[in-house]
Each structure stands twice: as structure tokens, then as C-alpha cells.
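Colleague: Sending over a structure as C-alpha cells; questions will come in a sec.
The values are calculated or read from the model by the stated rules, or taken from the named source; none is laboratory data. Computed from a predicted model, the values in this text were never measured in an experiment. Reconstructed Cβ throughout: ideal geometry from the backbone, glycine too, with neighbour counts over all protein chains shown. Keep in mind that these areas ignore ligands, DNA and RNA; they rest on the heavy atoms of the full protein, side chains included. Shrake-Rupley method; radii C 1.70, N 1.55, O 1.52, S 1.80 Å.
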Amino acid sequence: MIILKTARELSMMRDAGRIAQRALLLAGKAVEPGVSTAELDTIVRKYIEKQGAKPSFLGYGGFPASACISVNNVVIHGIPSRKQILKQGDIVSIDVGAFFEGYHGDNAWTFACGDISDEAKALLEATKESLFLGIKAAKEGNRLGDIGSAVQEYVEARSYSVVRDFVGHGVGAKLHEEPSVPNFGTPGRGQRLMKGMTIAIEPMVNMGTHRVKVLDDDWTTVTVDGKLSAHFEHTIAITSDGPVILTSAE
Ligand code: MG
């Protein structure tokens, strides 16, 4: 069942989203060679807790940290570690959720660690752009396939691939609500987008094959070919005035 939100609920989700976005940006600022992924996780947790909120991911399905931090060929669900020290040229995806007064905000961004290669830069730019194209398609009356195809067409035109095994999702009082929001699809197909729907759009874009695998820790998801992957995500609301980004710092 898709849970539509009232204007009041949207404003509460904006509060949760603001905390999630600010935590993400703080961690992103700290990305530099020599920093461990555990340090980034601590920045996220401390900021969220200081706002009187809770990190959505901590303990979710047994996840042991506040942020998922996924470096280079890790697509999503990387577990922060004191032993993982960032190096110049890494790309670092940070995924952060905050739970505040009954609602979640969920967002992710891939940051450059120092100078990165031109091909890595292009991957980041394309993945970010595909997120905003997906958001633009998230209009009342459109369908889920319009979002997915906007992402997929842009990404595949650049010879990258879109991950199939993991998708975006509804967000609200629960971190994962219906519907699933694939980053691929056919225009005009799928669930119709209705005013009051709140969804996380989150393209995961691979430099090579779309195929991924989950490692033995049951979390860390990597590209099967070892090539780079990027991930950008916002929680948005469908409104009669168009899509509104709820994970906004303002
Ligand atoms: Mg998400």
C-alpha cells in the first residue's frame, strides 16, 4: 500500500530530510586522503544525534553503522571501518538516513577524494545528472516508468549501466515503503504518481556491467567486474506544484 502524506506530514519529512542532508554534506566535507570511513560515520552519527534525531540505518536489518560508505567498486551498503583509509583518487559514496519525529529522510552522494581521474569525474557527473532527470520526471500524473526511463536513457547513452538488483523506494514513517522505484523502465508504464507520495530516487550507476554481488558480510555490494560505481539519492515529494526535494539543507 502506498501511503500518501498530508502537507503537515511533508513539512515533518522536510525536517528529517534537512538533518539527513546536512549530515551527508558534513561527512562529504571531511572526505580526504588519510581519513577512515569510520571517521566519516562518526561525523554522521554525532550530527544526527545532536539534532535529537536517530540515524535511520543504525541497526536497520542489523546494519552496524550510521552511514553506508561505499568506496570505488563498492556500489552500496559498504560498512564503515577504522581500517579503511581513503586514498587520493577514490570515489566515496555516502548514504545517510535520519529519523526525526516519526519520519525518515534518506539521501546519498558520491564524493571525490582529492584529485580523481577524468573518467571517474564523468561518472559522478552523469550519475548526479541522472538523479535530477529522474526527479524532474516525478510529476503528478506521470508514472514510475517515466522516472526510471529518464535515468536509464541518460545513463546508457553514456555507455554506463544502471544497477537492476537494487532500486529506490517509498519513504515515510518507515525507511522503506511502497512502491519500489527502479532506475530503469518504460515511459508511461507502472504505478501512477500521486500528490502526497514520498519516494527516494537513487540511481546506482556502474562504469561497466550492471551486475553486482553481495560479499560474505551480507552487506557490501560490489560490481562483479570490479569497475567503479556511483550513487546519488534524494527523498522527494510529489506535489501539485511538481517534485519537491525533502532532503534539502535549507
Ligand atoms: Mg534509499
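Colleague: Once phi is turned into ³J(HN,Hα) by the Karplus curve 6.51 cos²θ - 1.76 cosθ + 1.60 with θ = phi - 60°, what whole-Hz value does each residue of the range 99-108 show in order, with x for glycine and proline?
Modeller: 10, 9, 6, x, 9, 9, x, 9, 8, 8
Colleague: Rolling a 1.4 angstrom probe over the protein chains, ignoring ligands and nucleic acids, what is the accessible area of ARG45 in square angstrom, nearest 10?
Modeller: 70 Å²
Colleague: Excluding same-chain residues fewer than 8 positions from LYS139, which lysines have a Cα within less than 22 Å of its Cα?
Modeller: Answer for LYS139, where 22 Å is the Cα cut-off: LYS5, LYS128, LYS195, listed by chain and number.
Colleague: Using a 1.4 angstrom probe with every protein chain in place, what is the largest-first accessible-area order of ARG143, ARG189?
Modeller: Working: ARG143 70, ARG189 155 Å².
Sorted descending by solvent-accessible area, the residues read ARG189, ARG143.
Colleague: Here's another thing I want to ask about it. Need the full-extension length gain, ALA30 to GLN88, defined as separation in residues times 0.36 nm minus the C-alpha distance. One decimal, nm. Intermediate results must be reported in sequence, preceding the final value.
Modeller: Details: separation 58, 0.36 × 58 = 20.88 nm, distance 1.32 nm.
Full extension from ALA30 to GLN88 adds 19.6 nm.
Colleague: What residues qualify as long-range amide H neighbours of MET197, i.e. H under 5 Å apart, gap of 5 or more or another chain, H built at 1.01 Å from N?
Modeller: Amide H neighbours of MET197, under 5 Å, 5+ apart: LYS5, ILE238.
Colleague: Same structure, new question: Which of the listed residues, ILE2, GLY34, CYS68, is farthest toward the dipole's positive end in the range 1-125, when Lys, Arg count +1 and Asp, Glu count -1 at the beta-carbon?
Modeller: ILE2
Colleague: Determine the share of the range 31-169's accessible area contributed by carbon and sulfur atoms, expressed in whole percent, with a 1.4 angstrom probe.
Modeller: On the way: 2800 of 5880 Å².
It is 48 percent, rounded to a whole number.
Colleague: If you take the square roots of the eigenvalues of the alpha-carbon gyration tensor of the chain and sort them as a ≥ b ≥ c, do you get rounded (a/c under 1.5), prolate (a/b over b/c) or oblate? Show your work: numbers first, answer last.
Modeller: Working: a/c = 1.77, a/b = 1.16, b/c = 1.52.
Note, shape of the chain comes out oblate.
Colleague: Turning to a different aspect of this structure: Give a residue-ordered list of calculated ³J(HN,Hα) values for the range 180-190 (Karplus: 6.51 cos²θ - 1.76 cosθ + 1.60, θ = phi - 60°; whole Hz; x for Gly, Pro).
Modeller: 6, 10, x, 8, 8, x, 10, x, x, 10, x
Colleague: Continuing with the same structure: Could you please put GLU250, GLU119 in sequence from largest to smallest accessible area, using a 1.4 Å probe?
Modeller: Ranked list, largest accessible area first: GLU250, GLU119.
Colleague: A further question follows. To the nearest 20 debye, what is the magnitude of the charge dipole of the chain about its Cα centre, counting +1 on the Cβ of each Lys and Arg and -1 on the Cβ of each Asp and Glu? Intermediate values should be presented prior to the final figure.
Modeller: Working: 27 positive and 30 negative charges, 83 e Å.
Value, rounded to 20: 400 debye.
Colleague: Provide the FRET efficiency to the nearest 0.05 for the ASP216-ALA122 pair, computing r from the beta carbons and using R0 = 30 Å.
Modeller: Numbers: r = 32 Å, r/R0 = 1.06.
After rounding to 0.05, the efficiency reads 0.40.
Colleague: A follow-up question, please. Roll a 1.4 Å probe over the protein heavy atoms and report the accessible area of LEU26 in Å², nearest 10.
Modeller: About 80 Å², rounded to the nearest 10.
Colleague: Could you please put ASP146, ASP118 in sequence from largest to smallest accessible area, using a 1.4 Å probe?
Modeller: On the way: ASP146 35, ASP118 120 Å².
These residues rank, largest area first, as ASP118, ASP146.
Colleague: Under 5 Å between amide hydrogens, which residues at least 5 positions from GLY242 or on another chain qualify, with H placed 1.01 Å from N in the peptide plane?
Modeller: So GLY242 has HN proximity to GLU140.
Colleague: Taking the full set of protein chains and a 1.4 angstrom probe, give the accessible area of LYS121 in square angstrom, rounded to the nearest 10.
Modeller: In the full protein context, LYS121 sits at about 110 Å².
Colleague: Which of the peptides 161-172, 102-113 is most tightly packed, and how do the rest follow, judged by the mean count of other Cβ atoms within 10 Å per residue?
Modeller: Values: 161-172: 21.2, 102-113: 24.1.
Listed from highest to lowest mean packing, they are 102-113, 161-172.
Colleague: Same structure again: What list of ³J(HN,Hα) values in whole Hz, one per residue of the range 150-156 in order, does the Karplus curve 6.51 cos²θ - 1.76 cosθ + 1.60 (θ = phi - 60°) give from phi, with Gly and Pro shown as x?
Modeller: Rounded to whole hertz, the list is 4, 5, 4, 4, 5, 5, 6.
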